[in-house]
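Enquirer: Structure in structure tokens, see below.
The values are calculated or read from the model by the stated rules, or taken from the named source; none is laboratory data. Please read these numbers as outputs of a predicted model, since none were measured by experiment. With ideal geometry, Cβ positions are generated from the backbone for all residues, glycine too; neighbour counts draw on all protein chains shown. Heavy atoms of the whole protein, side chains included, go into the accessibility calculation; ligands, DNA and RNA do not. Shrake-Rupley method; radii C 1.70, N 1.55, O 1.52, S 1.80 Å.
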Amino acid sequence: MSPRTRNCDGATARERLKAAESYIQAAGLIEEWNDGDDRYRPNSMTSNYVLAGIAASDAICCFALGEHSQGDDHRAAIRLVEKVTPGGRDLSRALGALLALKTEAGYGARPLTGEQAKKARRSAETLVQAARERVL
């Protein structure tokens, strides 16, 4: 099966960046809110970091390539962002790290660790910052 993509432009890139900013802010608010009893707080944070990274990757790809990944094949999204120059390899690693946590964060039967959430935050911040630098 060939990877599915959707054509996009600068306006779409800016909208996807706005979405990325919103998700990363939400994750930060969850991180600041410390209930103490909420073992699934790292999952909630990570889920938002994953969404931030996906939206930022879309923005980057729209701006650099004129298309972004569309569909459920995460490997295709990783391969697409890897084509971006400069820095595609690092961006694809950051997206891959987030997508590796996506299912466990959103649907897993056990809480993620704080260290996993920190790793997700670093990856999301890498992608959102790269999107800001390219799109704004």
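Enquirer: So which residues in region 44-74 are open to solvent by less than 10 Å² (accessible area, probe 1.4 Å), among the polar types (S, T, N, Q) and more than 16 Å from residue 21 (Cβ to Cβ), if there are any at all?
Expert: Passing the criteria: only 46.
Enquirer: Residues in region 5-16: is at least one among the acidic types (Asp, Glu) and touching a Ser or Thr at 6+ places or on another chain (Cβ under 9 Å)?
Expert: No - not one qualifying residue is present in region 5-16.
Enquirer: Go over the candidates 54, 24, 30 one by one and state the one that is of a type in the set (Val, Ile, Thr), out of contact with any helix residue (DSSP H, G or I) (no Cβ under 6 Å at 6 or more places or on another chain) and within 18 Å of residue 121 (Cβ to Cβ).
Expert: 54
Enquirer: May I ask you to verify whether residue 30 is open to solvent by less than 60 Å² (accessible area, probe 1.4 Å), within 18 Å of residue 105 (Cα to Cα) and assigned to a helix (DSSP H, G or I)?
Expert: Yes; evaluated as a whole, the condition is true for this residue.
Enquirer: Confirm whether residue 133 is under 14 Å from the mean Cα position of the chain (by Cα) and open to solvent by 50 Å² or more (accessible area, probe 1.4 Å).
Expert: No; evaluated as a whole, the condition is false for this residue.
Enquirer: Right, next: Which number in (1) within 21 Å of residue 13 (Cα to Cα); (2) open to solvent by 10 Å² or more (accessible area, probe 1.4 Å) marks the one condition that residue 122 misses?
Expert: (1)
Residues checked against (1) assigned to a helix (DSSP H, G or I); (2) touching a strand residue (DSSP E or B) at 6+ places or on another chain (Cβ under 8 Å); (3) in contact (Cβ under 8 Å) with a residue 40 or more places away in the chain:
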| position | (1), (2), (3) |
| --- | --- |
| 63 | yes, no, yes |
| 84 | no, no, no |
| 95 | yes, no, yes |
| 99 | yes, no, yes |
| 103 | yes, no, no |
| 122 | yes, no, no |
| 128 | yes, no, yes |
